[in-house]
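Here is the structure we will look at, set down as structure tokens.
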Amino acid sequence: MKTDCYSTTIRSATRKVTGMYDAALKPAGITIAQLALLRRLSDETALSVEDLAKSAELERSTAARNVRLLEKQGLVSIGKSDSDRRAVTILLTTHGVETRHRSEPLWEQAQRDFEAKVGVDAANALRSLLQAV
């Protein structure tokens, strides 16, 4: 059944693009979703789960679940906030920093591959269009 639903079309395209980036990042052992979180974290300044969720535009529970997966991979360390004992803080580990650095050229190649597939002008127009949502 053909659909003209914007959401369905965007979701389908998102799965395809995510698969392309995940395949590109496979040598680094992470996914594009994990890289997006690693890029928002620091190896020097701890960040709360709430702040990470806001920064990544994720639900707090989704961010917390993803952080636990990153911790299992040794990419982040989870601690308690000095100011609020109930709050959890996240910090990149040395392995997390190294993985982020190792991922960058792989991500850059995925960017170039996407631009080659749809064209640089179309890729930039698509980004601008989607940022307007």
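Entry remark, the stretch 102-128: residues being surrounded by fewer than 16 Cβ atoms within 10 Å (Cβ to Cβ) and either under 16 Å from A28 (Cβ atoms) or touching a residue at least 24 places away in the same chain (Cβ under 8 Å) (or both) number 7 in total. Put simply, of S7, S55 the only residue that is more than 20 Å from R100 (Cα to Cα), part of a helix (DSSP H, G or I), small (G, A, S) and without any contact (Cβ under 8 Å) to a residue 40 or more places away in the chain is S7. Counting the residues of the stretch 58-94 that are part of a helix (DSSP H, G or I), closer than 17 Å to S42 by Cβ and not hydroxyl-bearing (S, T, Y) gives 5. All conditions in (1) of a type outside the set (K, R); (2) within 15 Å of A33 (Cβ to Cβ); (3) surrounded by 12 or more Cβ atoms within 10 Å (Cβ to Cβ) hold for A87, with the sole exception of (2).
Return yes or no: is T99 surrounded by 12 or more Cβ atoms within 10 Å (Cβ to Cβ), of a type in the set (S, T, N, Q) and in contact with a Gly (Cβ under 8 Å, 6 or more places away or on another chain)? So T99 passes the test.
Taken over the stretch 29-52, the residue count meeting the criterion of being part of a loop (DSSP other than H, G, I, E, B) and more than 22 Å from T14 (Cα to Cα) is 6. Across the stretch 1-49, what is the total count of residues that are of a type outside the set (S, T, Y), touching a strand residue (DSSP E or B) at 6+ places or on another chain (Cβ under 9 Å) and surrounded by 12 or more Cβ atoms within 10 Å (Cβ to Cβ)? Of the residues in the stretch 1-49, 8 are of a type outside the set (S, T, Y), touching a strand residue (DSSP E or B) at 6+ places or on another chain (Cβ under 9 Å) and surrounded by 12 or more Cβ atoms within 10 Å (Cβ to Cβ). Of the numbered criteria (1) modelled with pLDDT under 95; (2) crowded, with 17+ Cβ neighbours inside 10 Å; (3) of a type in the set (S, T, N, Q), the one Q131 fails is (2). Considering T89, T45, the condition of being more than 25 Å from D113 (Cβ to Cβ), at pLDDT below 95 and in contact with a Gly (Cβ under 6 Å, 6 or more places away or on another chain) is satisfied by T89 alone.
The values are calculated or read from the model by the stated rules, or taken from the named source; none is laboratory data. This is a predicted model, so every value here is computed, not measured. Note that we place each Cβ from the backbone using ideal geometry, even for glycine, and neighbour counts take in every protein chain shown.
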